[in-house]
Amino acid sequence: MKKAVCILTALALLCAMLPALAEGYTPGEPDPEATAQDYEGSWVCAYADLAGNMLDAQNELETLGMTSLLTLKIEDGMAFFTGMPELETEPLPVTFADGALCFQPEENVIVFTLQLLEDGALSMRFNMIEFGPVLYLFPAIMEPEA
């Protein structure tokens, strides 16, 4: 549980440092056809919703010298994250139900929920903070290797 509190505290502080409001993005509806494997891949954190304010996360993260890229791999009920220092220290136990992927370190305790949206975005909702941020990530476009 200590790790969950550290993750949420770090991400809440990060979102509090993102001052630029974003306009023009309205999240899509959850994708009812999503599978656990659909979550795997590289994602760019583009927006953050903090208490109803949509923020331009990608530009602000880069200004702060931080990466906006998150890579996710799921294997045997564990999620492996790279690119977000708060999450990449060790694999996290996850459950997949009703089209959503949840980090659930203890029974009846869901720390964050990942959900694919019909517009192609991945929402990351933090459940344990009353005004927790919702991050919106989009598939990273990889440059072809030369």
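The values are calculated or read from the model by the stated rules, or taken from the named source; none is laboratory data. Nothing here was measured: the structure is a model prediction, and the numbers come from that model. Counting neighbours? That spans all protein chains shown, and the Cβs are built from the backbone with ideal geometry, glycine included.
For the stretch 105-115, name all the residues that are touching a residue at least 60 places away in the same chain (Cβ under 8 Å) and either farther than 14 Å from residue 94 by Cβ or among the hydroxyl-bearing types (Ser, Thr, Tyr) (or both).
Once the filter is applied, which keeps residues that are touching a residue at least 60 places away in the same chain (Cβ under 8 Å) and either farther than 14 Å from residue 94 by Cβ or among the hydroxyl-bearing types (Ser, Thr, Tyr) (or both), the stretch 105-115 yields nothing.
Where residues in the stretch 54-91 are of a type in the set (S, T, N, Q) and at pLDDT 80 or above, which of them is nearest to residue 35 (Cα to Cα)? I'd like the intermediate steps shown before the answer.
We begin by selecting, within the stretch 54-91, every residue of a type in the set (S, T, N, Q); these are 58-59, 63, 67-68, 71, 82, 89.
With the extra rule that they be at pLDDT 80 or above, the set shrinks to 71, 82.
Numbers: 71: 17, 82: 21 Å.
The extreme case among them is 71.
Please find, among 20, 51, the residue that is surrounded by fewer than 16 Cβ atoms within 10 Å (Cβ to Cβ), touching an Asp or Glu at 6+ places or on another chain (Cβ under 6 Å) and either over 18 Å from residue 126 (Cα atoms) or modelled with pLDDT under 80 (or both).
20 is the lone residue from the list that is surrounded by fewer than 16 Cβ atoms within 10 Å (Cβ to Cβ), touching an Asp or Glu at 6+ places or on another chain (Cβ under 6 Å) and either over 18 Å from residue 126 (Cα atoms) or modelled with pLDDT under 80 (or both).
Can you name every residue in the stretch 129-146 that is surrounded by fewer than 17 Cβ atoms within 10 Å (Cβ to Cβ) and either more than 13 Å from the chain's Cα centre (by Cα) or at pLDDT below 75 (or both)?
Listed by number, the residues that qualify are 129, 130, 131, 140, 141, 142, 143, 144, 145, 146.
Only residues that are closer than 27 Å to residue 91 by Cβ and out of contact with any Pro (no Cβ under 7 Å at 6 or more places or on another chain): list them for the stretch 43-60, please.
44, 45, 46, 47, 57, 58, listed by residue number.
Across the stretch 104-114, which residue is nearest to the chain's Cα centre (by Cα) among those that are within 15 Å of residue 72 (Cβ to Cβ) and buried (at least 21 other Cβ atoms within 10 Å of the Cβ)?
114
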